[in-house]
Structure formats: structure tokens, C-alpha cells
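Let me begin by presenting the structure, written as C-alpha cells, before commenting on it.
The values are calculated or read from the model by the stated rules, or taken from the named source; none is laboratory data. Keep in mind that this is a model prediction, so the values were computed, not measured. Here the Cβ positions follow ideal geometry from the backbone for every residue, glycine too, while neighbour counts run over all protein chains shown. Accessible surface areas use protein heavy atoms only, side chains included; no ligands, DNA or RNA. Shrake-Rupley method; radii C 1.70, N 1.55, O 1.52, S 1.80 Å.
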Amino acid sequence: KAITGASEKDFKKLSNTAQQLGRSTFFTASQVAELQVAFGKLGFSTTEILAAQEATLQLATATQTDLARAAIVAGAAVRGGFGLNATETQRVVDVMSVAFTSSALDIEKFQTSMTKVAPIAAAADISLEATTAVMGTLTDAGIEASIAGTSLRNIFLKMQNPASDLSKHLGFTVRSSDDLEKALKQLNSEGLSNADMMQLVDLRQVAAFQTMVRGVDNVLSLTTALENSDGAGREMADMVGDTLEGAFKRLTSATEGLQIAIV
């Protein structure tokens, strides 16, 4: 309550939903409360927490991570990274679910890389889906997440800067996901050598730039898959949860719910 600044009425809503979700999911009411605290620290209001928490439960279930961590990663992508509305948390979770099953990305790599590149991508109106697709392609090539995120951030900055050698070479600046697709296709068709690429980006960014350009088909196909990911988070969570271990976790949660109701 202190963190969220919730009124008595709002705090009761948070408490009631924590208990309800605690009785009916993998997670206990106290774990759901940890999720609410994590969102509160990110500046989410009560209404926004209520809108985001179910999708975050799916993410935590699907990725087998704790709720607070899932809330931090999803919340950072929604609020701090791409400036989305809390109601779009489900979209973020669906994208992450497909990305984690279609590339070498996982929740840790996603968090590490997106912390560096998401605000720059959002400033250029490059979508969550397109950015994640590029990041998945870089990760598949074995580029470490922190290096991939830093490299992609700097490449996106050059693509937005009309004075950069890269923008001058392209003949335009990248201001949307469509522009990014156009740029990658153009660069790919030119058959640039490593020496050519070193003239367009910094030396430390060449590996990521080369992977993006030569892997344009993979970037575009993964972008399409992510744009059509609606419902993937719930489907993945249901699949992961349909086990004996999942049944015991739900039993534990239900038992805590009974204790709360009685005591």
C-alpha cells in the first residue's frame, strides 16, 4: 500500500485479486503480492497492476521464473522500454513466449538486451515485435545479449541520424518498422563486404550489423510470427502447467488460500 499509494478501496482490490489468483494458479497469494509490489515500484497504478498481473502470471509459469522477476521484465518492456499501456502487457507476454520458443532468447537475455535498446527503438517507432525479431536473430548467431543490445542500440541510433554514414548510404533515416525492413532489404541486396560495413558502423558493431543484414529473411519471418502471437502466452503457460508438478503447485496455492480464509 505504501509503494502503490493505493486508497483503502484500491488496496482491497489488490488484496482480493491476490487471494483469488493465489487460490487458482501455480502461485500463492503472497507471491502474487510480490508481483504487485514489483509493478508498484515501476510506477504502475492499482488499475494498471490489475490489468497486467494475469498476463504476468502466464509469463512466470511459461518461463518457470518467479513472479517478481517476471513483473520486472514485463513491466520494464511495457512502461520503461516501449512506452505501452498496461493493458498491452498480454501483447508483450505473447511476443516473449513466441520469441523464447523460436529463438535462443530467454527471459534473462531478453531483459539484458531490451534494457539497452528498447527506448531507442521506441523513439524510432520500431515495434516491440521487430526489435525482438532482430534481437532473436543476433542471439541465434551466438552474440552475447549485452553486446547484442548495445550494438543494436548504436545501429538504430545511426539509422535515425541523418548525418551518419549509414543513413547517407541508405538515402533515408529509419523512423518506423517498415523503414527498418526497407533498410535491411536494401543492405542485403547490395552484398556488402566486411570492409564496406566497417565504413558504415563502428568496428564493435560490425558482427551484429552483418548478422542483421545477412539474416534479413529470418528477421522478417520472426517479426511476422511475433505479430501473430496473440494467445501464445496462455497456451504456453497451460502446456507447462499441465504436469504433476503443476498440480502440486496448484494444491499448495489452494491450501494457502484455505489458510487465509480460515485464519
Would you please name the trypsin sites (Lys or Arg not before Pro) within the range 153-261 that are DSSP coil residues with at most 14 other C-beta atoms within 10 Å of their C-beta? Arg175
Straight-line reach from Lys158: which lysines fall under 21 Å, measuring Cα to Cα and dropping same-chain residues less than 8 apart? Lys116, Lys168, Lys182, Lys185
Rounded to the nearest 10 degrees, what's the angle between the helix 244-262 long axis and the longest principal axis of the chain, both from Cα atoms, 0 to 90? 50 degrees
Label point at Ala254 placed 7 Å out along Cα→Cβ; residues across the range 1-40 whose backbone nitrogen lies under 17 Å: 19-29
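Find how much the distance from Asn85 to Lys41 grows on full extension, using 0.36 nm per residue of separation minus their present alpha carbon separation; answer in nm with one decimal. If you can, show how the numbers build up before the last one.
Details: separation 44, 0.36 × 44 = 15.84 nm, distance 1.64 nm.
14.2 nm is the gain from fully extending Asn85 to Lys41.
Leaving ligands, DNA and RNA out of it, report the carbon-plus-sulfur percent of the accessible area of the chain at a 1.4 Å probe.
That fraction is 52 percent.
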For the range 177-239, count all C-alpha to C-alpha pairs, find those more than 15 Å apart, and express that count as a whole percent of the total. 59 percent
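Determine, from the Cβ-Cβ distance of Asp217 and Met239 and an R0 of 25 Å, the FRET efficiency 1/(1 + (r/R0)^6), rounded to the nearest 0.05.
That gives a FRET efficiency of 0.30.
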Using 7 Å Cα-to-Cβ label points, what is the Lys12/Asp165 separation (nm, one decimal)? 6.6 nm
What does the charge count near Gly5 come to, summing +1 for each Lys or Arg and -1 for each Asp or Glu among other residues with Cβ under 15 Å from its Cβ? +2
How far apart, in nm, are two points set 7 Å out from the Cα along the Cα-to-Cβ line at Ile3 and at Asp230? 3.3 nm
Would you list, by chain and number, the lysines whose Cα falls below 24 Å from the Cα of Lys1, excluding same-chain residues fewer than 8 positions away? Lys9, Lys12, Lys13, Lys41
DSSP loop GluC sites (Glu not before Pro) in the range 128-196 with at most 12 other Cβ atoms within 10 Å of their Cβ, which ones? Glu190
Please compute P(r) over all alpha-carbon pairs of the chain, binned at 10 Å starting from zero, and give each bin as a whole-number percent. 7, 29, 29, 18, 11, 5, 1, 0
